[in-house]
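Peer 1: Provided herewith is a single structure, encoded as C-alpha cells, for subsequent inquiry.
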2 protein chains.
Amino acid sequence: MLNTRQLQILKLIIDDFIDSGLPVGSRTISKKSSLGISSATVRNEMADLEELGYLYQPHTSAGRIPSDLGYRLYVENLLDDRLINSESRILIRSLLVSGKISAGEVIEKAVHLLTQLTGLTVVSSFPGFRKRTLNNLKLIKISDAKVLLILVSDNEIVKNITLPFSGTSQDILDLISNSLLSTLKGSTIEDIDVKKISRLKYDLRQFESVIDYLVPILRDSLKNIEEIEYHVEGVENILSIPEFSDSEKVRKIYKLFEDKTIFKVLFNNIEDEGIYIKIGDENELLELNECSVITTAYRYKNNELGKIAVIGSKRMDYRGIISVVEYTKNTLTDIFSGIYL
Amino acid sequence: MLNTRQLQILKLIIDDFIDSGLPVGSRTISKKSSLGISSATVRNEMADLEELGYLYQPHTSAGRIPSDLGYRLYVENLLDDRLINSESRILIRSLLVSGKISAGEVIEKAVHLLTQLTGLTVVSSFPGFRKRTLNNLKLIKISDAKVLLILVSDNEIVKNITLPFSGTSQDILDLISNSLLSTLKGSTIEDIDVKKISRLKYDLRQFESVIDYLVPILRDSLKNIEEIEYHVEGVENILSIPEFSDSEKVRKIYKLFEDKTIFKVLFNNIEDEGIYIKIGDENELLELNECSVITTAYRYKNNELGKIAVIGSKRMDYRGIISVVEYTKNTLTDIFSGIYL
DNA sequence: GTTAGCACTCCGAGTTTGTGAGTGCTAACT
DNA sequence: AGTTAGCACTCACAAACTCGGAGTGCTAAC
C-alpha cells in the first residue's frame, strides 16, 4: 500500500513525535532523513499520508501528528527488533531467586519492577482461585467470637477468611479441619457446596450442633471469594501524560483504578502469551482513549494465564516497553513452570 | 488580646474564604456582618488584624487571606459547636454491626466511610503487632517447598508469613505447631527469640533435623514483621486542592503516600484521643505545608491507640470534618472496647 | 471611634501586534 | 514524472498594551 519512502517518512515522523511531543514539520524530516529529500517533497508525501489517515494536523500551518491508525502501522511494521538492555534484563531475571516467596509476592515484585523500568502504570492479574482444587485447609481460632478459615489451592494461593463463630476450642476446630480437608481435598473451590460440607455431620456426630452452625457460614463465605487478584502500581505516572493536565480527567482515571471490576475489561480478550497493543480509541474503556495499553499473559503452571498490562501515553517508547514487558512475561512463565524452583 | 469585634470579623473573613477561596474584601464583610459597620471601619480592623499576623494580602489592593496563625485562632476559638448530621451519624454508626468481620476490616470500612463523608484523603494506623502477645499459631503446608506460618495475636490481628521449607508433611507441621504454640503462647511477638524456639528441639527430638532447618528461617521471618498496619484512601482528592494544580507537586504527594514510613511522622506525637489539628507549616512533612491535617486516636481494647488522619486543603470545612472524625473515633473506640460485640 | 470620599494600586481579562514555524501551490528544473 | 525553489498565506503563541473593577490606605469631617 505505502511505498518504502512513505513508510520511512512515517517512521521518522512518529519517532520524532514520540521524542518531542510536538507536531513534526517537513523541514525537520527533510534534514533528518538520509534520503536527501527536500522539505517540499516531504510536504507532498505528508499530504498523501494525511489523506490516507496516518497523520493529521492539529491546525492548518502546523506540523503533523500521528493518528491512531499511524501508530498502529508503526507498531506493526515499523518497530526495530525488540532489544532489552542488560541492566533491565538482570533486574527482571532477579525475580528468579524468588523461589522462597509466595507466587503472589513474585507478581507484586514483578509489577514493581515494571513500574520502575517503564515509568508507567502497571496492572496485573493473578490466575483465578475458584477453579483451582483445594490442597489444604485449616480453621484457626482468633478470639471467642471469630475463627479464621485458611484455604490453600493447588497453585499455592492462600486465602484468609474470617468467620463469625463462637463457642468452640482449637482442638475441635482441628478435628473439623481435618474432616473437612479429607472430604474436600481435590475438589475445585467453586465445587465446594453444602452437600459436601454436610457430610461432616456424619463424620463428626459428636459435634453436630457446631457443624450445623458452621455450614451456612462457610457456604456464604465461600461464595464471596474473589475470583482474581489484581495488583496495581504507578498510577501517579498517569500525571505525566500531557493529555491529563486537566485534573478532572486524572480523577476519573483514579476512580477507574479504585474499582477493580474494570480490570476485567482491561484483560478481556487476552487469551494467549502474545503481546497485545491497544492504541487510543482502540481501548474499550473510554477513559483510556488517550492512552496506549500493552498487555500480555504469563503462563501459570502450564494451564492458566496471569495477565500484565502497562498503561501509558500513546507517545510511549513502544519498542523499549514491549521488550521489557515481554521479557518479564517470559521470566514469570519460567518461574511458574517450575524450571527454576 | 483581640476584642470581640475583631474576632467576629476574623471569623467572617475565614468563613467567607473557606467558602469562596478568594481574598475577602472589606465591603463583603461590611455587608455580611450584623454589626452595621461600614467598610471603612472593617478596613481599619483588617489592617490591625494583618499587623497582628492573622491575615495577609496576596498583593496590595487585594482582599485578605487568613494566615496559618489566623486559621489556628479560628479552629481554637471561633468554631461553632461541633455537630454532625444524622445521615453521617447513621452511616458511621453502621460500623457497629461489624462484629462479624475482623478488626482490620472494620478499620478499612471506617476509612472508606471517612473518605466518602469528607471528600478528602484519609490515613489510618492499626495498633502494633510486635508488642502483642501470641494467642494462636499454625504451620500450614502450601506446596513441597513452602509452608505458611499463621500468627494470631491477642488483639485478633492475623499475620501470614510464607516460609521456604521443604520435605515435611502436614502431620509433622501440626505437631511442631502445637509444640511451638505451647512454648510461645503468651509471649509478646517481639520476645519470641531463638532461645525459646530452640526449646522445641527437646520436645520433638524425633524431628531434630526439621527443627534445625526451621529455626533460622522462623527467626528471620519474625524479625521482618511489620509493626503497624496502615490504610489509605482518597489520595486522588488531593487533586482538588487548588494549590496542587501543579502536577509535579501532586506526584510528590503520591510518592509520599507510597512509602508508608512517612505515616510514622504523620502520627508522631498523637498520644491520646484528643483531636489534633495541624495547619500548613505546622506540619512536619513539608510536602503537606499547604494542607491541614486533622488527627485523632481511637482506643483499642483499652490499652493501645490506633490513629486516624484526614488530610485536606487548609480551606477545609473544619467544623464538619472535625465532628465526623470525632464521631468515627468514638464509634471505633466503642466497637473495640467490646461494648457492642 | 466611625465613616464618606478620594486617589491610588494592581490583577486579570481582553485586545493588539509581531514573529516564526509551517503549509500548499506553482513554475521551473532534471 | 518526480523533485525542488520560491512565495504567499495561515495560524498559534508570546509579548505588549489597555482598561475596568475590586480593593486598599489615608484624610477630613461627623
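Peer 1: When all protein chains stay in place, what accessible area (Å², nearest 10, 1.4 Å probe) is found for B:Ser26?
Peer 2: Estimated to the nearest 10 Å², B:Ser26 gives 20 Å².
Peer 1: If I take R0 = 22 Å and measure r between the Cβ atoms of B:Glu258 and A:Asp259 in this structure, what FRET efficiency does the formula 1/(1 + (r/R0)^6) give, to the nearest 0.05? Mind showing how you got there, number by number?
Peer 2: On the way: r = 20 Å, r/R0 = 0.92.
According to the calculation, E is roughly 0.60.
Peer 1: Distance between Cα centroids, segment B:39-71 to segment B:118-142: provide it in whole Å.
Peer 2: Centre-to-centre (Cα) distance: 48 Å.
Peer 1: I would also like to ask the following. Round to the nearest 10 and give me the degree value, 0 to 90, for the angle of helix B:208-223's Cα axis relative to the longest principal axis of chain B.
Peer 2: 10
Peer 1: Which parts of segment A:143-182 would a label at B:Glu105 reach, counting a residue when its backbone N lies under 15 Å from a point 7 Å out along Cα-to-Cβ?
Peer 2: Residues A:143, A:145-151, A:159-166 qualify, since their backbone N sits under 15 Å from the label point.
Peer 1: For A:252-259, what's the mean count of beta carbons from other chains sitting within 10 Å of each residue's beta carbon?
Peer 2: Numbers: counts 1, 1, 5, 1, 0, 1, 4, 0.
Partner-chain Cβ atoms within 10 Å, mean over residues of A:252-259: 2.
Peer 1: If you don't mind, there's one more thing I want to ask. Given R₀ = 25 Å, what would the calculated FRET efficiency be for A:Thr4 paired with A:Asn269, taking r from the Cβ atoms and rounding to 0.05? Could the numbers behind the result be given before it?
Peer 2: On the way: r = 33 Å, r/R0 = 1.33.
Step by step, r from the Cβ atoms, then E = 0.15.
Peer 1: Continuing with this model, one more query. Let me spell out the model: positive unit charges on the Cβ of Lys and Arg, negative unit charges on the Cβ of Asp and Glu, origin at the Cα centre of segment A:54-194. What dipole size does that give, in debye rounded to 20? Walk me through the numbers on the way to the answer.
Peer 2: Values: 15 positive and 15 negative charges, 30 e Å.
Its charge dipole is roughly 140 debye.
Peer 1: Along each of its three principal axes, how wide is the spread of alpha-carbon positions in segment B:184-341, in whole angstrom units, largest first?
Peer 2: In descending order, the Cα extents are 68, 42, 23 Å.
Peer 1: Once the Cα atoms of helix A:39-51 and of chain A are each reduced to a long axis, what angle between those two axes, in degrees from 0 to 90 to the nearest 10, is obtained?
Peer 2: 40
Peer 1: Taking all protein chains in place and a 1.4 Å probe, what share, in percent, of the accessible surface of the protein assembly as shown do carbon and sulfur account for? Walk me through the numbers before you get to the answer.
Peer 2: On the way: 14890 of 30830 Å².
The nonpolar share, carbon plus sulfur, comes to 48 percent.
Peer 1: Beyond a 32 Å Cα-Cα separation, which of these cross-linked pairs lie in this structure: A:Lys146/B:Lys307; A:Lys11/B:Lys249; A:Lys329/B:Lys260; A:Lys223/B:Lys196; B:Lys201/B:Lys264; A:Lys278/B:Lys255?
Peer 2: Details: A:Lys146/B:Lys307 24 Å; A:Lys11/B:Lys249 35 Å; A:Lys329/B:Lys260 29 Å; A:Lys223/B:Lys196 41 Å; B:Lys201/B:Lys264 39 Å; A:Lys278/B:Lys255 28 Å.
Where the Cα-Cα span goes over 32 Å, the pairs concerned are A:Lys11/B:Lys249; A:Lys223/B:Lys196; B:Lys201/B:Lys264.
Peer 1: Let me ask something else about it. Placing +1 at every Lys and Arg Cβ and -1 at every Asp and Glu Cβ, with all other atoms neutral, what dipole size does the protein assembly as shown have around its Cα centre, in debye to the nearest 20?
Peer 2: Working: 84 positive and 96 negative charges, 204 e Å.
With Lys and Arg at +1 and Asp and Glu at -1, about 980 debye.
Peer 1: Compute the whole-percent fraction of alpha carbon pairs in segment A:1-94 spaced more than 22 Å apart. If you can, show how the numbers build up before the last one.
Peer 2: Values: 1353 of 4371 pairs.
More than 22 Å apart: 31 percent of the Cα pairs in segment A:1-94.
Peer 1: Something else about it: In Å and on Cα atoms, what radius of gyration and Dmax does segment B:238-305 show?
Peer 2: Values for segment B:238-305 (Cα only, Rg and Dmax): 13.8, 44 Å.
Peer 1: Compute for chains A and B the buried accessible surface, both sides summed, probe 1.4 Å, and express it in Å² to the nearest 100.
Peer 2: Interface area, both chains combined: 3000 Å², rounded to the nearest 100.
Peer 1: Calculate the spin-label point distance for B:Gln57 paired with A:Ala47, positioning each point 7 Å from the Cα along the beta-carbon direction, and give it in nanometres.
Peer 2: Computed distance between label sites A:Ala47 and B:Gln57 equals 6.0 nm.
Peer 1: How far apart, in nanometres, would the label points at A:Ile225 and B:Leu83 be if each is projected 7 angstrom from Cα along the Cα-to-Cβ direction?
Peer 2: For the pair A:Ile225/B:Leu83, the computed spacing is 5.1 nm.
Peer 1: Now for a separate question. What is the diffusion coefficient of chain B in µm²/s, taking the Kirkwood radius over Cα pairs and the Stokes-Einstein relation at 25 °C with a viscosity of 0.890 mPa s?
Peer 2: On the way: Rh = 23.3 Å.
Once the numbers are plugged in, D ends up at 105 µm²/s.
Peer 1: How do B:Glu156, B:Glu273 rank by accessible surface area computed with a 1.4 Å probe, from largest to smallest?
Peer 2: Numbers: B:Glu156 30, B:Glu273 55 Å².
If we order B:Glu156, B:Glu273 from most to least accessible, we get B:Glu273, B:Glu156.
Peer 1: Given a Förster distance of 30 angstrom, what is the FRET efficiency for B:Lys32 paired with B:Val97, based on the Cβ-Cβ distance and rounded to 0.05? Could you put the intermediate results ahead of the total?
Peer 2: Values: r = 44 Å, r/R0 = 1.46.
After rounding to 0.05, the efficiency reads 0.10.
Peer 1: Find every distance from the label point of B:Lys32 to the corresponding label point in the other copies (7 Å from Cα along Cα→Cβ) and write them in nm, one decimal, shortest first.
Peer 2: Nearest to farthest, the other copies are at 5.5 nm.
Peer 1: Also, I was wondering about something else. Using modelled backbone amide H atoms (1.01 Å from N, in-plane), which distant-in-sequence or interchain residues come within less than 5 Å of B:Lys146's amide H?
Peer 2: Under 5 Å from the amide H of B:Lys146: B:Phe165.
Peer 1: Please get the size of the charge dipole for segment B:4-78, origin at its Cα centre, with Cβ charges of +1 on Lys and Arg and -1 on Asp and Glu, quoted in debye to the nearest 20.
Peer 2: Values: 8 positive and 9 negative charges, 58 e Å.
Its charge dipole is roughly 280 debye.
Peer 1: Equivalent-ellipsoid semi-axes (√(5λ), Cα gyration tensor) for the protein assembly as shown, whole Å, largest first?
Peer 2: 49, 43, 21
Peer 1: How much of A:Glu229 can a 1.4 Å solvent probe reach, expressed as accessible area in Å² and rounded to 10?
Peer 2: 60
Peer 1: May I ask which residue of A:Ile84, A:Tyr71, A:Ala40 lies farthest towards the positive end of the charge dipole of segment A:1-115, with charges of +1 (Lys, Arg) and -1 (Asp, Glu) on Cβ and the Cα centre as origin?
Peer 2: Among A:Ile84, A:Tyr71, A:Ala40, the one farthest towards the positive end of the dipole of segment A:1-115 is A:Ile84.
Peer 1: Please list 3J(HN,Hα) in residue order for segment A:297-305, calculated via the Karplus relation 6.51 cos²θ - 1.76 cosθ + 1.60 where θ = phi - 60°; whole Hz, with x for glycine and proline.
Peer 2: Karplus-based 3J(HN,Hα) across segment A:297-305 equals 10, 9, 9, 10, 6, 6, 9, 9, 10 Hz.
Peer 1: Under the convention of a label 7 Å out along Cα→Cβ, give the distances in nm from B:Asp220 to the same position in every other copy, shortest first.
Peer 2: 4.3
Peer 1: Segment A:311-334 to segment B:237-274: how many Å between their Cα centroids?
Peer 2: 31
Peer 1: Provide a whole-number value for the mean count of partner chain Cβ atoms within 10 Å of the Cβ atoms in peptide A:149-159. Kindly include the intermediate steps, with their values, before the conclusion.
Peer 2: Numbers: counts 0, 7, 1, 6, 1, 2, 2, 6, 1, 7, 1.
Rounded to a whole number, the mean comes out at 3.
Peer 1: Can you give the mean number of other chain Cβ atoms that lie within 10 Å of the Cβ atoms in peptide B:227-236?
Peer 2: Values: counts 0, 0, 0, 0, 0, 0, 1, 2, 4, 11.
Mean partner shielding for this stretch: 2.
Peer 1: Could you tell me the distance between the Cα centroids of segment A:161-211 and segment B:146-189, to the nearest Å?
Peer 2: Taking the Cα centre of each part, segment A:161-211 and segment B:146-189 sit 21 Å apart.
Peer 1: Do me a favour and compute the ellipsoid semi-axes for segment B:134-223 from its Cα gyration tensor, root of five times each eigenvalue, largest one first, whole Å. Before the final figure, lay out the partial values.
Peer 2: Details: eigenvalues 69, 47, 27 Å².
Over the Cα atoms of segment B:134-223, the semi-axes work out to 19, 15, 12 Å.
Peer 1: Hey, for A:Asp203 with labels 7 Å out along Cα-Cβ, what do the inter-copy distances come to in nm, ordered shortest first?
Peer 2: Label-point separations across copies, in nm and ascending: 2.6.
Peer 1: Do the sum for chain A: with -39,500 (n - 2.57) for every DSSP H run of n ≥ 4, divided by all residues, what is the mean residue ellipticity at 222 nm, to the nearest 500 deg cm²/dmol?
Peer 2: Values: 13 runs with 145 residues, N = 341.
So the helix-based figure for chain A works out to -13000 deg cm²/dmol.
Peer 1: Helix B:103-118 against the longest principal axis of chain B: what's the angle in degrees, Cα atoms only, rounded to the nearest 10?
Peer 2: 20
The values are calculated or read from the model by the stated rules, or taken from the named source; none is laboratory data. Note that this is a predicted model, so its numbers are computed, not measured. When we count neighbours, we look across all protein chains shown, and the Cβ atoms used for this are built from the backbone with ideal geometry, even at glycine. Protein only, heavy atoms only, side chains kept; ligands, DNA and RNA dropped before computing areas. Shrake-Rupley method; radii C 1.70, N 1.55, O 1.52, S 1.80 Å.
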